[in-house]
Amino acid sequence: MNSAYTGEYEHLMTMIKQAAARIFELADTEEEVCTFEQSIYHEIMYQAAIAQSEQVKPPSGWDPLGR
């Protein structure tokens, strides 16, 4: 990670942690906490997959078959 982004990264991570804590406060049961945790995890994994694909995208872009 570029050291120029360290402060912004830390700020965004703090915001993510605070948002997750607020989401978990909505839970009334352990099961709801687990459901929220799974939903957060899936959203992060989805966003990570998009970011990863952008890092390896060919200069001309992806063809219709994703190559």
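The values are calculated or read from the model by the stated rules, or taken from the named source; none is laboratory data. What you see is a predicted model, and the numbers here were worked out from it, not measured in a lab. A quick note on method: Cβ atoms are made from the backbone with ideal geometry, for glycine too, and the neighbour counts reach across all protein chains shown.
Would you call ALA27 among the aliphatic types (A, V, I, L, M) and out of contact with any helix residue (DSSP H, G or I) (no Cβ under 8 Å at 6 or more places or on another chain)? Against the criterion (among the aliphatic types (A, V, I, L, M) and out of contact with any helix residue (DSSP H, G or I) (no Cβ under 8 Å at 6 or more places or on another chain)), ALA27 does not qualify.
With respect to PHE24, is the statement that it is in contact with a Leu (Cβ under 9 Å, 6 or more places away or on another chain), at negative phi and part of a helix (DSSP H, G or I) true?
Details: in contact with a Leu (Cβ under 9 Å, 6 or more places away or on another chain): no; at negative phi: yes; part of a helix (DSSP H, G or I): yes.
Against the criterion (in contact with a Leu (Cβ under 9 Å, 6 or more places away or on another chain), at negative phi and part of a helix (DSSP H, G or I)), PHE24 does not qualify.
Considering only residues in the range 6-45 that are surrounded by 11 or more Cβ atoms within 10 Å (Cβ to Cβ) and of a type in the set (Ser, Thr, Tyr), the one that is modelled with the lowest pLDDT turns out to be TYR9. Restricting the range 52-67 to residues that are surrounded by 10 or more Cβ atoms within 10 Å (Cβ to Cβ) and not in a loop (DSSP other than H, G, I, E, B) leaves a set whose member that is modelled with the highest pLDDT is GLN52.
Taken over the range 1-22, the residue count meeting the criterion of being closer than 13 Å to ILE40 by Cβ and hydrophobic (A, V, I, L, M, F, W, C) is 4.
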